[in-house]
1. Among the trypsin sites (Lys or Arg not before Pro) within the stretch 17-69, which fall in a DSSP loop and have no more than 15 other Cβ atoms within 10 Å of their own Cβ?
2. With volume of the Cα convex hull per residue in Å³ defined as stated, name the option among (i) 107; (ii) 186; (iii) 130 computed from the structure displayed.
3. Please report the Cα spread of the stretch 11-84 along all three principal axes, rounded to whole Å, starting with the longest.
4. Beyond 18 Å between alpha-carbons counts as too far, so tell me which of Lys48/Lys80; Lys80/Lys154; Lys78/Lys183; Lys50/Lys154 fall in that bin.
5. Out of Glu25, Glu141, Glu74, any idea which swings most in a Gaussian network model of the chain, alpha carbons joined below 10 Å?
6. Would you calculate a helix-derived [θ] at 222 nm for the chain, using -39,500 (n - 2.57) for each DSSP H run of n ≥ 4 and dividing by the full residue count, to the nearest 500?
7. Longest exposed-loop-site-free stretch of the chain, with chymotrypsin sites (Phe, Trp or Tyr not before Pro), DSSP loop and at most 10 other Cβ within 10 Å?
8. Span-like helices, the chain: DSSP H, alpha-carbon axial extent 20 Å or more, mean Kyte-Doolittle 1.0 or greater, which ones?
Amino acid sequence: AFGSYLAQRVEQLGGTEENPTVILEVGAGNGRLTHFLQEKMNELISGKVKVVASDSGDWKIPPAFPVENISHNEALEKHKPKIVIFSWMPYQYDCTSDFRAAESVDEYILIGETDGGCCGDEWQTWGQNWTFDKEERERRENRLAPYEADGFEKVYQNDLSDLQLSRINISEGKSSTSTVSFKKKK
C-alpha cells in the first residue's frame with residue numbers, strides 16, 4: 001500500500017524515465033524499507049523513480065542493503081529529493097525544518113508514533129502544544145505550527161496507518177503507529 005501511494009505521488013510530481021523523481025529515506029538503518037520500496041516502484045512505475053537510503057550511522061546499525069553513510073543534510077543536498085521518508089524519528093529530535101527548507105522537497109512522510117508519542121518533538125515535528133511549561137505553552141498558543149508557518153499541511157494517511165503493526169503493542173492487537181504526510185502547499 002505504501003508503494004502504491006508513493007507511485008501515485010511520483011506520477012503527480014511528474015516523474016519520468018528521463019527525469020526520475022528521487023525519494024530519500026533518512027535514518028534508513030539497515031536499508032530494508034528503501035530496498036523493498038524500490039522493488040515495488042520498479043513493478044509499478046519502472047524508471048520513473050529512484051529510492052535512496054541514507055543514515056548517519058550514529059546508531060551503528062549494520063546495513064542489510066545499500067545505505068549511504070551521510071547526514072540527512074548532506075543527503076538532502078546531494079540527492080535533491082522530491083519526497084523524504086523518516087521512520088521512527090528519535091524522541092525529542094527533529095530535523096523536519098531541514099526537510100521544509102530544502103527547495104526540492106514537496107513532501108515528507110513520517111512513520112511511527114505521532115502527535116506526542118515517542119517520535120520527534122511535540123512542537124517542532126508535530127505542531128502539538130503539550131508542554132508543561134506555562135510560558136512556553138502561552139507563547140505557542142497563537143502561533144502557527146512550524147510546518148504550517150513553512151507552507152506545509154499535515155495529512156494523516158489513515159489507509160496506510162491501519163496496515164501498520166508495531167512491535168511495541170502487537171500483543172494488544174492494534175498499533176499506535178501512523179503514517180503522516182506533510183505536503184507543500186501550492
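1. Values: sites: Arg32, Lys40, Lys48, Lys50, Lys60; in loops: Lys48, Lys60.
Passing both the DSSP loop test and the Cβ count: Lys60.
2. The listed entry that was calculated here is (iii).
3. Principal axes ranked by extent give 35, 24, 16 Å for the Cα atoms.
4. Working: Lys48/Lys80 15 Å; Lys80/Lys154 21 Å; Lys78/Lys183 21 Å; Lys50/Lys154 24 Å.
Checking Cα-Cα distances, Lys80/Lys154; Lys78/Lys183; Lys50/Lys154 exceed 18 Å.
5. Glu141
6. Working: 7 runs with 55 residues, N = 186.
-8000 deg cm²/dmol, from helical runs alone.
7. Between exposed loop sites, the widest span is 60-131.
8. Details: long enough: none.
Length and hydropathy pass: none found.
All of the numbers you see were taken from the coordinates with simple rules; none came from a lab. Here the structure is a predicted model, which is why all the values come from computation and not from measurement. So basically every Cβ, Gly included, is an ideal-geometry build from the backbone, and we count neighbours across all protein chains shown.
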